[in-house]
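Heads up: the structure comes next, in structure tokens.
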Amino acid sequence: MTTVTEPTVHGSRITWATVDTWVVAKRHLLHLVRRPDELLGTLMIPVMAVAMFGFVFGEAFGVAMNVPGDEYREFLLPGLFALTMAFGIGNTTISVAEDVRGGVLDRMRSLPMSPVAVLAGRALADVILAVVELSILLALGTLFGWQAHLGVGAVIAALGLLVLLRMAFSWVGILLGLLVSGPEAAMKYFALVFPLAMVADTIVPTDLMPGWLAVPAEWNPLSSTVIATRELFGNMAAPATSWVGEHALTMAVLWPVAIIAICLPLAMARLRRLGR
Amino acid sequence: MITDEPAIWTQGLRKSYPGRGAALDGIDLAVPAGTVHGLLGPNGAGKTTTVRILATLASFDSGQAWVAGRNVARDRAGVRARIGIAGQYAAVDGILSGRQNLEMFARLHRMRAREARARADELLERFDLVEAAGRPVRGYSGGMRRRLDLAVSLIRSPRVLFLDEPTTGLDPRSRIEVWDAVRELADSGTTVLLTTQYLEEADRLCSRITMVDRGRVVAEGTPAELKSSVGGRDLDEAFLLITEGA
Ligand SMILES: Nc1ncnc2c1ncn2[C@@H]1O[C@H](COP(=O)(O)OP(=O)(O)OP(=O)(O)O)[C@@H](O)[C@H]1O
Ligand SMILES: [Mg+2]
């Protein structure tokens, strides 16, 4: 009769949480690699956004703002960067809802792995994907004449803010994915991304919106990031008329941090409750 | 290792789902280490609920539960480090390949990358999945998926293995393969708690059987004892008589 080996667990808790998070993130990235059509579909969002808003609506919006089309596009691209970050919520929610249904989440819960890594892996995968999407957007933007005017440091800071925003939205998506009844429901709620992405200083400057819409648009976390990144890229921006607008840089950090601080613990609590 | 302390021990295990009454209404189990124990009962008896509670996947309302010497309610991490579970529905990633599934779960079992790869190879070989190793699990047959699920549950050579209807939906050949695997595991000292609706399966594999119905234990004993207790010739008859009489 052979003896059954005792599992040996070495290393600190944080080290293991990091390793586990990476293993789970790798799973989500492998999903994209193993289904190139899915990857293509995901990367199409930024491309389509630039094409549609930049060229189909660009001239008309430019006229409304009293600027030529290419100047509007300079205003627009930072908006599209942030918009792309918001659209990622859909994928996150659906994928988490699928995992709840499929039983993989249960299996992970039965393992001696770090509980937070089960979800944080998804967030890390989203962040990595966001970097890829932003690279595509930067390349496309440059191709169409968009420029950053304030040097590499400022560009990196701006990209950092965008990635931070995506991380926050990722936790929103994770929480929603754990709350909805299944992936089908998650798909139906996708329409909610539109007001989030567009009732903001992304495509249309808030002063062109009806007054009652301008206030939520100014307070939309997306707007803070967009205004802050416009500043950091040295791109044209509408003059700030509100308190949030004036403190965009601070708010672009505070909003995502606050969102994560709320959604992460709620998602963890929900994950524990799945077993009831 | 067969020790005196039971590998699985529960007393008065109760659980109810909100608005549905009691799913478990006082389950007592004592499974000696290194044995295969059957949990038998009709649909809705509470088999899956029991297994999920013991595997730390679900909470319970009252009673006590110990697995591999660890308190299920208080030391979840301790239990998780010592168990394997293959649920009623295969819980593997359909998009990843069989090998990627094994490597991922091995890594999450805290194995190093190289160790994980070696373990994956070993298990693919053992469960006859070498040829399909690189294909997405989505394209596997039900039997292959079950075998993979079983392989995943064995990654860390668990001390206690929970198998929830491991052979439901398998053809006779795959079923025999799973039976062989279970026997081998028991021989190497693993304790197995197996739920099943197939009485033949319980008869062949289990040293003892607990029959449950509507969340209660209705009979307990060796297959032979259960058969003779109702004077029936086979376990099917015993099952029907016992669950009807309850
Ligand atoms: N998540 C849940 N929410 C509400 N009720 C549940 C839930 N899971 C199980 N139940 C109920 O608990 C009882 C026991 O279910 P359980 O799945 O443990 O039975 P089982 O013996 O595994 O049945 P089967 O042979 O059909 O798999 C049933 O009445 C079932 O309806
Ligand atoms: Mg069941």
Response to the item:
One would report the antiparallel percent of DSSP beta bridges in the protein assembly as shown, rounded to the nearest 5, as 55
Worksheet, complete the sentence: Computed over chain B: longest principal axis from alpha-carbon atoms vs helix B:235-245 long axis, angle to nearest 10 degrees, is 50
Fill in: Under 5 Å, built H, 5+ apart or other chain: amide partners of B:Ala7
B:Val31, B:Ala33
Worksheet entry | Relative contact order for region B:99-246, counting Cα pairs under 8 Å that sit 6 or more residues apart, in percent | 15
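Assuming R0 = 45 Å, can you tell me the calculated FRET efficiency for the pair B:Ala22 and A:Asp207, based on Cβ-Cβ distance, to the nearest 0.05? Please report the intermediate quantities before stating the final value.
Working: r = 62 Å, r/R0 = 1.38.
FRET efficiency, B:Ala22 to A:Asp207: 0.15.
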Worksheet entry | Sequence of A:Trp16, A:Trp255, A:Trp212, A:Trp22 from largest to smallest accessible area, 1.4 Å probe | A:Trp212, A:Trp22, A:Trp255, A:Trp16
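Please average, across the residues of B:92-105, the number of beta carbons from any other chain that are within 10 Å of each residue's own beta carbon, and give a whole number.
Values: counts 4, 8, 4, 10, 5, 2, 0, 0, 4, 3, 0, 2, 7, 7.
Mean shielding count: 4.
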Response to the item:
In a Gaussian network model of chain A with springs linking alpha carbons closer than 10 Å, the residue among A:Ala258, A:Ala25, A:Ala120 that fluctuates most is A:Ala258
Worksheet entry | Per-residue mean of C-beta atoms belonging to partner chains within 10 Å, peptide A:34-46 | 1
Worksheet item: If amide H atoms are built 1.01 Å from N in the plane of the peptide, which residues on other chains or at least 5 residues away come under 5 Å of the amide H of B:Val218?
Response: B:Met211, B:Val212, B:Asp213
Worksheet entry | Under 27 Å from B:Lys47, Cα to Cα: lysines that are on another chain or at least 8 residues apart | B:Lys15, B:Lys227
Response to the item:
Phi-derived 3J(HN,Hα) across region B:12-17 with the Karplus relation (6.51, -1.76, 1.60, θ = phi - 60°), rounded Hz, x for Gly and Pro, is x, 5, 10, 8, 10, 8
Worksheet entry | Heavy-atom surface of chain B, accessible at 1.4 Å and reported per residue (Å²) | 42
Discussion item. Averaged across B:74-81, how many Cβ atoms of other chains sit within 10 Å of each residue's Cβ atom?
Written reply: 3
Discussion item. Skipping prolines and chain starts, which residues have an amide H placed within reach, meaning under 5 Å, of the one on B:Leu161, given they are 5 or more residues away or on another chain?
Written reply: B:Gly84, B:Thr191, B:Val192, B:Leu193
Worksheet item: Helices from chain A with mean Kyte-Doolittle at least 1.6 and a Cα length along the axis of 30 Å or more, per DSSP H: which?
Response: A:115-143, A:151-179
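Report the charge-dipole magnitude of chain A in Debye, nearest 20, computed about the Cα centre from +1 at each Lys and Arg Cβ and -1 at each Asp and Glu Cβ.
On the way: 17 positive and 19 negative charges, 256 e Å.
Computed charge dipole of chain A: roughly 1240 debye.
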Worksheet item: Rounded if a/c is under 1.5, else prolate if a/b beats b/c, else oblate: with a ≥ b ≥ c from the C-alpha gyration tensor eigenvalues square-rooted, which is region B:13-58?
Response: prolate
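If eta is 1.567 mPa s and T is 4 °C, what Stokes-Einstein diffusion coefficient results for the protein assembly as shown, Kirkwood Rh from Cα pairs, in µm²/s?
Details: Rh = 25.6 Å.
My calculation gives 51 µm²/s for D.
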Worksheet item: What share of Cα pairs, in percent, lie more than 22 angstrom apart in region A:15-273?
Response: 55
Worksheet entry | Along principal axes, Cα extents of region B:138-192, largest first, whole Å | 32, 21, 15
Discussion item. Taking θ = phi - 60°, what integer Hz values does the Karplus form 6.51 cos²θ - 1.76 cosθ + 1.60 yield along region A:187-203, in sequence order, with x for Gly and Pro?
Written reply: 5, 5, 6, 4, 4, 5, 5, 4, x, 4, 7, 10, 7, 6, 7, 9, 10
Fill in: Phi to ³J(HN,Hα) by Karplus 6.51 cos²θ - 1.76 cosθ + 1.60 over region B:141-148, Hz, x for Gly, Pro
6, x, x, 5, 5, 4, 5, 5
Worksheet entry | Estimated buried accessible area (total), pair A and B, 1.4 Å, Å² to nearest 100 | 3600
Discussion item. Quick check: at a probe of 1.4 Å, how many percent of the accessible area of chain B sits on carbon and sulfur atoms?
Written reply: 47
Worksheet entry | Qualifying lysines (Cα of each under 29 Å from Cα of A:Lys188; at least 8 residues distant if same chain) | A:Lys26
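The values are calculated or read from the model by the stated rules, or taken from the named source; none is laboratory data. Quick caveat, the model's predicted, so the values are computed rather than measured. Reconstructed Cβ throughout: ideal geometry from the backbone, glycine too, with neighbour counts over all protein chains shown. Surface accessibility is based on the protein's heavy atoms, side chains included, excluding ligands, DNA and RNA. Shrake-Rupley method; radii C 1.70, N 1.55, O 1.52, S 1.80 Å.
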